[in-house]
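Report on one structure; see the data block that follows.
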Amino acid sequence: MKQIGFVLFSFLVFVACDPVFSVKIKNECKNDILIEAYYDKGILETSWRNRSFIPYLDGRNTRFLINRDTVNLIYTYKIAPGEDFYVEGGVGTHPEYWLYNKILILKPDSIILKNKEEIENAFVNSYGRHWEFNIH
């Protein structure tokens, strides 16, 4: 019985210790913002090994989704004041921003993150393994 308890305990320790991270855009404006996410078709096709990834994209941030172009992989999301839009997250120690070619944040003074490097540089490590881009 002690061996089973030890094995179970060891399993839970190893499973529970997987590091996780999150990346989000925080709308700290007084008005709604629109986010246009331009997904990287080449990366998605390679990662999904030519299986359909559209259901995966359709399932991301569904409560904010207002428009989708599944040919060009441009998804538009509407984020209310005080809400967070999760860009990336999962098991690991840091984000890779692999899903996106470009992100537009549409508001009176719009922000264009033109490539993966600009996307990565826009996010600040707020604490631990959590990155944020606060929109004012």
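Since every read-out is calculated from the coordinates, none of them should be taken as a lab result. Since we're looking at a predicted model, the values are computed, not measured. Cβ: placed from backbone, ideal geometry, glycine included. Neighbour counts: every protein chain shown.
Table for the structure above
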item: When residues of the range 80-101 are limited to those that are within 18 Å of Asn134 (Cα to Cα) and within 13 Å of the chain's Cα centre (by Cα), the one surrounded by the fewest Cβ atoms within 10 Å (Cβ to Cβ); result: Tyr86
item: Qualifying residue in the range 122-135 (condition: touching a residue at least 40 places away in the same chain (Cβ under 8 Å), more than 15 Å from the chain's Cα centre (by Cα) and either surrounded by 12 or more Cβ atoms within 10 Å (Cβ to Cβ) or more than 15 Å from Ser22 (Cβ to Cβ) (or both)); result: yes
item: Positions within the range 94-105 being aromatic (Phe, Trp, Tyr) and either free of Cβ contacts under 8 Å to residues at least 24 places away in the same chain or part of a strand (DSSP E or B) (or both), in sequence order; result: Tyr100
item: Selection within the range 103-119 - within 17 Å of the chain's Cα centre (by Cα) and surrounded by fewer than 16 Cβ atoms within 10 Å (Cβ to Cβ); result: Ile112, Lys114, Asn115, Glu117, Glu118
item: Single unsatisfied condition, Thr62 versus (1) surrounded by 11 or more Cβ atoms within 10 Å (Cβ to Cβ); (2) of a type outside the set (Gly, Ala, Ser); (3) under 15 Å from the mean Cα position of the chain (by Cα); result: (1)
item: Selection count where residues are within 15 Å of Ile33 (Cα to Cα) and assigned to a loop (DSSP other than H, G, I, E, B), scope the range 106-122; result: 4
